[in-house]
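Read through the structure below, which is laid out as structure tokens, and then see the notes.
The values are calculated or read from the model by the stated rules, or taken from the named source; none is laboratory data. Please read these numbers as outputs of a predicted model, since none were measured by experiment. Ideal geometry is used to build each Cβ from the backbone, glycine not excepted, and the neighbour counts take in all protein chains shown. Side chains included, ligands, DNA and RNA excluded: accessible areas come from the protein's heavy atoms. Shrake-Rupley method; radii C 1.70, N 1.55, O 1.52, S 1.80 Å.
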Amino acid sequence: MMNKRNVLSFCAAAMMLLGTVAAHAATGTWTSGSTTVVLTDDGTLTVSGVGAMADYNYNNSAPWSSSRDAIQTVAINDGVTSIGNDAFENCSGLTSVTIPSSVTSIGEGAFYECSRLTSLTIPSSVTSIGDLAFYFCEGLT
């Protein structure tokens, strides 16, 4: 019979294993406007290409939204000009975002409810930030 300590250790190990499996199962490649979005098994979502990302909303969510819990880092490459509406909303594991100087706008709700996001640098090239772009990002200071 397992004692309380063994049960807790077993549960912790099972949760870690499930988290690893989920992160590895969430990879993919998508098109968003004139950009390409790639999620790798280390939780990095990279946006590349030239031009704007597509806009999303409640009825038309981003194609990577089913993998949003696995996203830890967003790297937007030089050449991307805008971050779409609701592009990364509710990415609960997101902690880091890189935004290059080619980006001029951040869409409405782009990072809505990214509660683990603690810091990011918005370049001076950004002249427009949509409503609620960083709403419920409690980790931002």
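Check whether at least one residue in region 112-120 is in a loop (DSSP other than H, G, I, E, B), among the acidic types (Asp, Glu) and under 16 Å from residue 37 (Cβ atoms), and report yes or no.
Residues of region 112-120 that are in a loop (DSSP other than H, G, I, E, B), as a first pass: 112-118, 120.
Add one more test, that the residue is among the acidic types (Asp, Glu), and what stays is 113.
Subsequent filtering for residues that are under 16 Å from residue 37 (Cβ atoms) retains none.
Checking region 112-120: not a single residue is in a loop (DSSP other than H, G, I, E, B), among the acidic types (Asp, Glu) and under 16 Å from residue 37 (Cβ atoms).
Take residue 71 and decide whether it is open to solvent by less than 20 Å² (accessible area, probe 1.4 Å), closer than 19 Å to residue 33 by Cβ and not polar (S, T, N, Q). Criteria met by residue 71. The numbered conditions (1) exposed (fewer than 15 other Cβ atoms within 10 Å of the Cβ); (2) in a loop (DSSP other than H, G, I, E, B); (3) of a type in the set (Gly, Ala, Ser) are all true for residue 109 except (1). Taken over region 118-135, the criterion of being surrounded by 13 or more Cβ atoms within 10 Å (Cβ to Cβ) and at pLDDT below 95 is satisfied by 118, 120. Considering region 91-106, and only residues there that are touching a helix residue (DSSP H, G or I) at 6+ places or on another chain (Cβ under 9 Å) and surrounded by fewer than 19 Cβ atoms within 10 Å (Cβ to Cβ), the residue that is farthest from residue 136 (Cα to Cα) turns out to be 93.
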